[in-house]
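The next block holds one structure in the form of structure tokens; read it before the comments.
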Amino acid sequence: MVKVDALGNEAPASAEDTSRLSVNDVFATFDLDEPHRWHAEVPVDPQLGSQELKVVWEDASGNSGDISQTAYNQPFLGRTGGHAVLDSANNRLLVTDRSQAGLIAIDLASGKRATLSPGAFAVGDIALDTANNRALVSDLEFVRTVDLATGERTTLSGRHIGGGTAFQRIYGLDLDSANSRVLVVDTSQDILFAVDLATGDRSVLSDADSLIGEGPAFGQISHVVVDSTNNRALLFDFGLPALVAVDLDTGDRTILSDSDTGTGITLQGTNTLTLDSANNRALITDSSSNSLVAIDLDTGDRTLISVDGTGSSTNFTGPIALALDSANNRALIPDYGTDLLLSVDLDTGNRSILFDGGTGTGPDFGFPRQLALDSLNNRALILDSSLEALIAVDLNTADRTIISGSNPVTPFKFPRGLALDRANNRAWVLDADLDALVAVDLDTGDRTIASGDGVGTGKAFVLPLGFALDKANNRALVTDWNLGALIAVDLQSGNRTVISDTDTGTGNPFEGPTQLALDSANNRVLVVDEDQHAVVAVDLDTGDRTIVSMDGVGTGNGPALGQPNSIALDSANNRALVTDRRWDTLVAIDLDTGDRSIVSDFNAGSALHLDNLVDLAFDSANNRAFVIDYTVKALVVVELETGEGAISSR
């Protein structure tokens, strides 16, 4: 489902003015407390990369109209990883993702992605059964089938389904079509199984403990590929580590490549294994070196095909899956660290971006750090320390535009705070490396140091990490980690005055103050203290510090704050919104009780897996939050009512 809401800019202004309002023939529901706000939930086909939404309205006077909007449903390759197989007949790559995205198809002509079968697979190795238009997927104790037309899943073999020795923890699998079976690796039992495609019955092909097959015992097998020409299976064994051949008639095991067999790099671990029969070699992605490696099946020699320093262009960061495209002499590698689909030339090792999972046009984020919302212009402002730039993101199109680029005189080196001063058409940037507060003209991009680095009097910044704009008093409020202090900065003179530290105000001293939010109605600021794992309230008259929420203060239905790092005030609901980098969550904190509740969980296994939330902005008008993920390098929008998140720009 997708939820559509609006403030009625083009449609009728409120429920009282409206006789009919629908989205794709689903009638909208109006908010009783805020009659100008409405929403409608319409079904979305997960197998479509995009879908048209049509809003139709009619007011009490008989005036009518419609608004069309395209909703994009591009699944994100989560950092939990998965596996891939080429579906050459349909010119697409099928990719499993161990998050809720499930089985994803990437069209190799357009780059569009569609979810064929949503829902997590515990392991997710995949084989294509073209004759039956289905995929076979490993799922912990089960072999599942996925109908490629409908996405429907059934269990082929596993607990109570099929006879023979039960699976414990299966990992790799591959189709042995000549024998109407699928070969399955059980990494817990170190057994190579054969599963009958008609009955689901399991038989043991090779197992040293059961004296089935001769040769070295398995150590910890993980991946398998069928080499039908030579009537054998090739397995990667983490425990040895080695590439092992298993005779499909006898179960005999022979080491093809290890530290004593073949030359080249040392085998340490692999994320995937595939057969390049035309060149008599196996291809693996090596998890320790982020590389693509070829193993000669006659000699066992190991050759780096592509790695940082071998081959050119984009480096791998998480090459977990691999599919061979023999017709084009390339390997297709979904890189889960960057959400890119990479193509690797098998002759040169050169890497090229075939498609990316980006949203919007403009410069790609390098290391986005800080965020401010410019609601009037429907955009987000983002500071990127790698690009040394202030970037505007259009919230309609997701397009990115540099407002203030690299500046050798006043570079952004370690930006840790950003605030919008709309009245003066400028942004304020706090830079922890410059130890300064910088003003940025939003028309010209010009930068001026307003406090620090010789400007202004008072205690000098040492490691300023957070600030909030106090417009009513024409000042900025700055936290300094090393000083353990909250400092007021006069925006006219740049003069600095300590409001709260060990010598000013009562209460627990700061241990690691970072981001803060101004609560003007209560004449206080709310400060995130990472080292105390707490949110602290500071009285702006006295400097007194009071714990609002931490382990032992407040309850809540989620974990105690682990590594809170950014905060926004939701005054209408008397709560603070806090990102927690340890738990990968967006948390709401009741400002009366300190109770904590999880608004959105981006842990592994979630549909959108984020793992380094660095900043937060609250959009009260639309009841949503925007967060930045430093690792995924994306601006993410979170609907606060449901906790659902989506990439806004990347």
Residue 431 vs. criteria over 20 Å from residue 363 (Cα atoms) and open to solvent by 10 Å² or more (accessible area, probe 1.4 Å): no
Checking residue 243 against (1) open to solvent by 10 Å² or more (accessible area, probe 1.4 Å); (2) touching a residue at least 24 places away in the same chain (Cβ under 8 Å), the condition it does not meet: (1)
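Could you pull out the residue among 526, 516 that is of a type outside the set (D, E, K, R), closer than 12 Å to residue 591 by Cβ and buried (at least 17 other Cβ atoms within 10 Å of the Cβ)?
Only one candidate qualifies: 526.
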Residue among 203, 188 that alone is among the hydroxyl-bearing types (Ser, Thr, Tyr), in contact (Cβ under 8 Å) with a residue 24 or more places away in the chain and surrounded by fewer than 20 Cβ atoms within 10 Å (Cβ to Cβ): 203
Number of the condition not met by residue 154 [criteria: (1) over 26 Å from residue 238 (Cα atoms); (2) at pLDDT below 95]: (2)
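Table: residues versus (1) out of contact with any strand residue (DSSP E or B) (no Cβ under 7 Å at 6 or more places or on another chain); (2) among the polar types (S, T, N, Q); (3) at positive phi.
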| site | (1), (2), (3) |
| --- | --- |
| 522 | yes, yes, no |
| 531 | yes, no, no |
| 537 | no, no, no |
| 543 | no, no, yes |
| 549 | no, yes, no |
| 552 | yes, no, yes |
Odd one out for residue 162, checked against (1) over 22 Å from residue 103 (Cα atoms); (2) surrounded by fewer than 15 Cβ atoms within 10 Å (Cβ to Cβ): (2)
Scope region 430-456; condition touching a Lys or Arg at 6+ places or on another chain (Cβ under 8 Å), assigned to a strand (DSSP E or B) and within 19 Å of residue 382 (Cβ to Cβ); matching residues: 430, 431, 438, 439, 440, 441
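Looking for whichever is free of Cβ contacts under 8 Å to residues at least 24 places away in the same chain and under 40 Å from the mean Cα position of the chain (by Cα) here; the options are 259, 222. Which one fits?
Only one candidate passes the filter, namely 259.
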Hey, residue 167 touching a Gly at 6+ places or on another chain (Cβ under 7 Å) and more than 28 Å from residue 353 (Cα to Cα) or not: yes
Elements of type strands (runs of 3 or more DSSP E) in region 532-650, at least 1 residues being at pLDDT 80 or above, more than 12 Å from the chain's Cα centre (by Cα) and farther than 25 Å from residue 335 by Cα: 534-539, 545-549, 564-570, 575-580, 585-590, 596-601, 613-619, 624-629, 634-639
Residue in region 53-98 that is most open to solvent (accessible area, probe 1.4 Å), counting only those that are in a loop (DSSP other than H, G, I, E, B) and at pLDDT 85 or above: 91
Search result, residues across region 206-239 that are in a loop (DSSP other than H, G, I, E, B) and surrounded by fewer than 20 Cβ atoms within 10 Å (Cβ to Cβ): 211, 214, 215, 216, 217, 219, 220, 231, 238, 239
The lone exception for residue 468 - which of (1) open to solvent by less than 50 Å² (accessible area, probe 1.4 Å); (2) under 15 Å from residue 543 (Cβ atoms) it fails: (2)
Search result, residues across region 262-288 that are among the small types (Gly, Ala, Ser), open to solvent by 20 Å² or more (accessible area, probe 1.4 Å), within 21 Å of residue 171 (Cβ to Cβ) and touching a strand residue (DSSP E or B) at 6+ places or on another chain (Cβ under 6 Å): 287
Test: residue 386 is of a type in the set (S, T, N, Q) and in contact with a Phe, Trp or Tyr (Cβ under 7 Å, 6 or more places away or on another chain): yes
Count of region 344-369 residues which are at pLDDT 90 or above and not charged (D, E, K, R): 5
Answer residue from region 99-132, given it is more than 16 Å from residue 147 (Cα to Cα) and either polar (S, T, N, Q) or part of a helix (DSSP H, G or I) (or both) and is least open to solvent (accessible area, probe 1.4 Å) among those: 99
Close pairs from region 156-179: first within 20 Å of residue 212 (Cα to Cα), partner among the basic types (Lys, Arg), Cβ under 6 Å, at least 6 apart: 164/202; 165/202
In region 251-280, residue modelled with the lowest pLDDT [restricted to those that are outside any strand (DSSP E or B) and hydrophobic (A, V, I, L, M, F, W, C)]: 267
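The values are calculated or read from the model by the stated rules, or taken from the named source; none is laboratory data. The model shown is predicted, which means the values in this text are computed figures rather than measured ones. For neighbour counting, all protein chains shown are included, and Cβ atoms are generated from backbone atoms with ideal geometry for every residue, glycine included. The accessibility values were calculated without ligands, DNA or RNA, using every heavy atom of the protein model including side chains. Shrake-Rupley method; radii C 1.70, N 1.55, O 1.52, S 1.80 Å.
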